[in-house]
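Student: Pasting a structure below so you can have a look.
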Amino acid sequence: MSEGRSEGLSYADAGVDLDAAERTKDGLKQLVASTRDRFTLSELGQFGGLYRVPDDVESPVLVSSADGVGTKLKLAFATGRHDTVGQCLVNHCVNDILVQGARPFFFLDYLATGEMDEAVVQDVVRGVAIACRENGCALLGGETAQMPDFYAQGEYDLAGFIVGGVAHSRIIDGSSIRSGDALVGLASSGLHTNGYTLARKIVFEVMGLDVSDELPGTGRTVGEELLAVHRSYLNVLRTPLEDEIVHGLAHVTGGGIPGNLPRVLPEGLGAVVSYDAWEVPPVFRTMQEAGGVARSEMDRVFNMGIGMIVVVDPSDVETVSEAARDGGIDAWTIGTVEEGEGVSYR
């Protein structure tokens, strides 16, 4: 120890502010508590979250998923707006387990940052809590980590883990899908959380735009358009699922329709999708034209305006479409299931 120095190094000297971490945790307690339900048995601060398996699900099967927000976070950093990415994270995970017919029980988040910006953490977790309340699941807890020298100043990473459940007899596994079934496409709210590396290259490097500039054709700024919240389809699909008319569901994420729809189709069946069935939103048309991107590549990277595909008997198309429209979401019959494999366009 140097002469005259009474104390050695502290964690704060190394870049980790434990006091800020404690203040942040205290500030999150109310947000977490706002999502509690009658099955929540623990509070923020315990080592593990406790949640009783709901008693209103017959022979419950637990369904889980984990995901992140990806490079959409770069838009949050650039705009200074951090309240939407948490909603995106929850809704993405909700949709992933919805595909198998599950409703969400609880959610855990993981937020890692270089330095503890208490306001940013509050904004991010507030978004997580908002989406948890909207989807009827408890924010059971999570982790906030300070990792100086690992993340650039002002940046963070965000991931989430969801657990839900479905009655064993109501698991959707695609086994009831038949040739001739209809494909109902539910509108996305934008890019959702996929394709942002290509989108940012086109918008910022090729088009030379800033987050505050208007994105041509959209009537919104780049930041507004690209930070649009990833849509949840849970509430509009509750009734069709309860009525047991859904044969299959495909959440259109990375890989687009060609990469995700085949994941739910039984062996020996493929799909034919019509390009003319829906109008591709302006954000995708603008990026395709500006970047000179082939349509096949756009289809493989982006959702192109379709966030969820519902596979049903043709007689049930209107029931699903009406449920979507009642929830403020456009719906179109975009194709059919046919013998074969993969997805073809016409």
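The values are calculated or read from the model by the stated rules, or taken from the named source; none is laboratory data. No experiment lies behind these values; they were computed from the predicted model shown. Here Cβ is always computed from backbone atoms with ideal geometry, including for glycine, and neighbour counts include all displayed protein chains. The protein model used for the area step is the full one, side chains on, heavy atoms only, and it has no ligands, DNA or RNA in it. Shrake-Rupley method; radii C 1.70, N 1.55, O 1.52, S 1.80 Å.
Student: Counting only protein heavy atoms and a 1.4 Å probe, tell me what percentage of segment 255-315's accessible area is made up of carbon and sulfur.
Tutor: Numbers: 1120 of 2420 Å².
Solvent-exposed carbon and sulfur of segment 255-315 make up 46 percent of the total.
Student: Take the chain, connect every pair of alpha-carbon atoms lying under 10 Å apart with a spring to form a Gaussian network, then pick out the residue of 184, 94, 16 with the largest mean-square fluctuation.
Tutor: 16
Student: Can you tell me, using C-alpha contacts under 8 Å and at least 6 residues apart, the relative contact order of the chain as a whole percent?
Tutor: Details: 719 pairs, mean separation 73.5, N = 346.
Contact order relative to length: 21 percent.
Student: Ok, one more. Please state the shape class of the chain: rounded when a/c is under 1.5, otherwise prolate if a/b exceeds b/c and oblate if not, all from the C-alpha gyration tensor. Before the final figure, lay out each step's value.
Tutor: Working: a/c = 2.49, a/b = 1.41, b/c = 1.77.
Oblate is the answer for the chain, as a/c is 1.5 or above yet b/c matches or exceeds a/b.
Student: What is the gain in length, in nm to one decimal, between residue 201 and residue 168 on full extension, counting 0.36 nm per residue of separation less the C-alpha to C-alpha distance?
Tutor: On the way: separation 33, 0.36 × 33 = 11.88 nm, distance 4.45 nm.
Gain on stretching residue 201 to residue 168: 7.4 nm.
Student: Please list 229-236, 71-78 highest first by mean number of surrounding beta-carbon atoms within 10 Å per residue.
Tutor: Numbers: 229-236: 22.1, 71-78: 20.6.
Top to bottom by mean Cβ count within 10 Å: 229-236, 71-78.
Student: How high is the relative contact order of segment 192-256? Use alpha-carbon pairs under 8 Å, at least six apart in sequence, and give a whole percent.
Tutor: Details: 31 pairs, mean separation 21.5, N = 65.
Rounded, it is 33 percent for segment 192-256.
Student: Which FRET efficiency value, to the nearest 0.05, do you get for residue 175 and residue 344 by plugging their Cβ-Cβ distance into 1/(1 + (r/R0)^6) with R0 = 22 Å? Mind dumping the intermediate values first?
Tutor: Values: r = 23 Å, r/R0 = 1.03.
Efficiency at R0 = 22 Å is approximately 0.45.
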